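One structure is given below, encoded as C-alpha cells.
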Amino acid sequence: MSWGGLNPALTVWRNAINARFPDRGLASDGAVADEFHSPSSRHQPDADGTVDAFDCDVNFLGSNRPQGTPEERRICEALKLDFENDPHGRSILWIHQRVIANATVDDWREREYTGDSPHDKHIHFQSRQNREHDDRPWPMPRTDALLRETEDLPMKQDDFDKLMTSWARSRAGRDALHEVMRSIVEKDPATGEENLRWGGAIRTQNQRRDQQTTTITRRIDARADEILAAVRDNG
C-alpha cells in the first residue's frame, strides 16, 4: 500500500498517534489501496479523492517484532478502545489479529475476521464516511493513561531486549528462568510426560506451548522490577 490520501478525520487520528509515539515503526502503515485490495475496500479513494481507512503499524515503540512487543500490544488495545469511544462518532470499525469489531454490530462486539489478511502487523482503522471531514482533536484517554504508567521507563524497548537477552544467558538468568519453569510444569502420572500445570489436563502440543508462553510472560511481568535490577547489575 502507498501513503497519503487519508480523510481529515483519520488524518487527525494518525497525527495524534504520531505525536505520542514519534519513534514508531512505519513499515506497515498504509492508506491508499494497492492491487490486492478489492474495489469495495475503504482504502479505495471515494468521491472526494480521500480514503476512509488507515492501516497503523503495531511497532509503536520502534521495535522490529512483527506483531509488536508485549508493551506495544498493550498500546494496541488502548488505541482500539480510544478509537471505539471517539466522542464525535467518527469511528466505524477496526480489524486486528483476525478480530473485527464494528460500531454497528452489538456495540463493538469482537468477532472473528475471515479476510485474507490477518492484520497482525498493523491495525486497520476505518471511519464513517459521513463524518470524514470532522477534524476536531481525537481524545486518547486510555492511551494517555498507559503512557503515564510507562513514562519513567529508563530505556528503549530494543535496548531492554538486548539486556534481557544478556541476562537470560547469564547464570543468574538461567537459574531464575529454570525456577519459573519448575513452578508451572508437572508430570502426568500415567505417562511420565512433563506438561504444564493447568488442572492436570493433557492438552495438545500447541495448547501447551501457548499456555506456557502466556504463563511465563505473566510471571516475568510480575517480576519486571526485580529482573530489570538484575540486568542493570550485570551491566
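The values are calculated or read from the model by the stated rules, or taken from the named source; none is laboratory data. What you see is a predicted model; the values in this text were computed from it and never measured. Cβ atoms come from the backbone with ideal geometry, glycine included; neighbour counts cover every protein chain shown. What goes into the accessible areas is simple: the full protein's heavy atoms, side chains included, and nothing from ligands, DNA or RNA. Shrake-Rupley method; radii C 1.70, N 1.55, O 1.52, S 1.80 Å.
Give the residue that is surrounded by the fewest Cβ atoms within 10 Å (Cβ to Cβ), with candidates limited to residues of segment 103-117 that are of a type outside the set (Ser, Thr, Tyr) and under 16 Å from ASP55 (Cα atoms). Give the steps one after another, and end with the answer.
Going through segment 103-117, the residues of a type outside the set (Ser, Thr, Tyr) turn out to be 103, 105-112, 115-116.
Pick out the ones that are also under 16 Å from ASP55 (Cα atoms) and you get 115-116.
Numbers: GLY115: 11, ASP116: 7.
It comes out as ASP116.
Among all residue pairs at least 6 apart or on different chains, which show Cβ distances below 8 Å where the first residue, located in segment 80-101, is free of Cβ contacts under 8 Å to residues at least 24 places away in the same chain and the second is open to solvent by less than 40 Å² (accessible area, probe 1.4 Å) and charged (D, E, K, R)?
Correct list of pairs: ARG98/ASP120; ALA101/LYS80; ALA101/GLU84.
Contact list please: Cβ distance under 9 Å, first residue in segment 64-79 and free of Cβ contacts under 8 Å to residues at least 40 places away in the same chain and under 17 Å from ARG20 (Cα atoms), second residue among the β-branched types (Val, Ile, Thr) and crowded, with 16+ Cβ neighbours inside 10 Å, pairs at least six apart or on different chains.
As it stands, the answer is GLY68/VAL58; GLY68/ILE75; ARG73/VAL58, since those pairs meet every condition given.
Condition check: touching a helix residue (DSSP H, G or I) at 6+ places or on another chain (Cβ under 9 Å) and open to solvent by less than 20 Å² (accessible area, probe 1.4 Å). Does ASP86 satisfy that? Break it down into steps so the answer makes sense when it comes.
Numbers: touching a helix residue (DSSP H, G or I) at 6+ places or on another chain (Cβ under 9 Å): yes; open to solvent by less than 20 Å² (accessible area, probe 1.4 Å): yes.
When the stated conditions are applied, ASP86 passes them.
Has segment 37-49 got at least one residue that is open to solvent by 20 Å² or more (accessible area, probe 1.4 Å), at positive phi, modelled with pLDDT under 95 and not acidic (Asp, Glu)? If you could, list the steps in order and put the result at the bottom.
Within segment 37-49, the first condition is being open to solvent by 20 Å² or more (accessible area, probe 1.4 Å), and the residues that meet it are 37-42, 44-49.
From the residues that got through so far, the ones that are at positive phi too are 49.
Cutting the leftovers down to modelled with pLDDT under 95 gives us 49.
Keeping just the survivors that are not acidic (Asp, Glu) gives 49.
Yes: segment 37-49 contains one or more residues that are open to solvent by 20 Å² or more (accessible area, probe 1.4 Å), at positive phi, modelled with pLDDT under 95 and not acidic (Asp, Glu).
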